[in-house]
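Data first, discussion second: the structure below is written as structure tokens.
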Amino acid sequence: MDRKQRTFIFLTALFVAALMTGDFIGGKFFVLGGFQFSAGIIPFPLTFVLTDVVNEFYGKHGARRLTYAGLAAAVFVWAVINLALALPTSPDSPIPDAVFRGAFGTSSRLYVASLTAYMIGQLLDITIFGALRRVTGHRFIWLRATGSTVLSQMIDSFTVSFVFLVGTRPLGFVFGNAVNNYLGKLAMAVLLTPLIYLGHAVFTRWFKLPERDAVATP
């Protein structure tokens, strides 16, 4: 296994960790500056940064493999959680059944919402990034990174908010939550843009890995 393959495995592990963390904490809302956000906006924007870095050096096929690895991990975790919920709780369990269900019992709908938004947002991000990559070539990393995030994060935020909350909260609350989370994710993604430049420098100077061609790859 060469250095490029080992690096891809590390990036995939970091990507899955950020995705899983976002799914687990996404059901908690917090207020900052008078606006309400999901705690998932803390780690989740990192998944878009990592997707862009992988897209830059491994191409769209590498980015899609990253996306599908995250999907497989999320489905596995969802299946294990539901199996654990179905198992009878021992009277001697350190975590009572009510506490366990309070923490994980509402995760099914959140998981469905999160995975639906995740797949739509990720594949859209990869497509837009690739299109901008063909136009900009090796220049304007910030443009293709931010440009691909603007639309994909919007779709992601509105999808997860509506699938997760419609029927449980007023539509005004759902819409406001989607807008706030979109703006929060977008701000986080913009703030994390220097990480893409850092990753670019590490890949080209330390690992000596070339960028993929700006032209479409088969």
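Points to keep in mind about this one:
- Label assignment, mean projected area of the Cα convex hull in nm² derived from the structure, set (i) 11.6; (ii) 14.2; (iii) 19.5: (ii)
- For the residue pairs LYS4/LYS28; LYS4/LYS185; LYS4/LYS60, the C-alpha atoms sit more than 26 angstrom apart in LYS4/LYS28; LYS4/LYS185.
- Qualifying trypsin sites (Lys or Arg not before Pro) in the stretch 65-145, DSSP loop, other Cβ atoms within 10 Å at most 13: ARG139
- Positive contributions from Lys and Arg (+1) and negative ones from Asp and Glu (-1), summed over other residues with Cβ under 13 Å from the Cβ of LEU198, come out at -1.
- Between helix 107-136 and the chain: long-axis angle, C-alpha atoms, 0 to 90°, nearest 10: 10
Each reported figure results from applying straightforward, stated rules to the coordinates on display, with no laboratory input. Remember, predicted model here, so these are calculated numbers, not experimental data. Note that we place each Cβ from the backbone using ideal geometry, even for glycine, and neighbour counts take in every protein chain shown.
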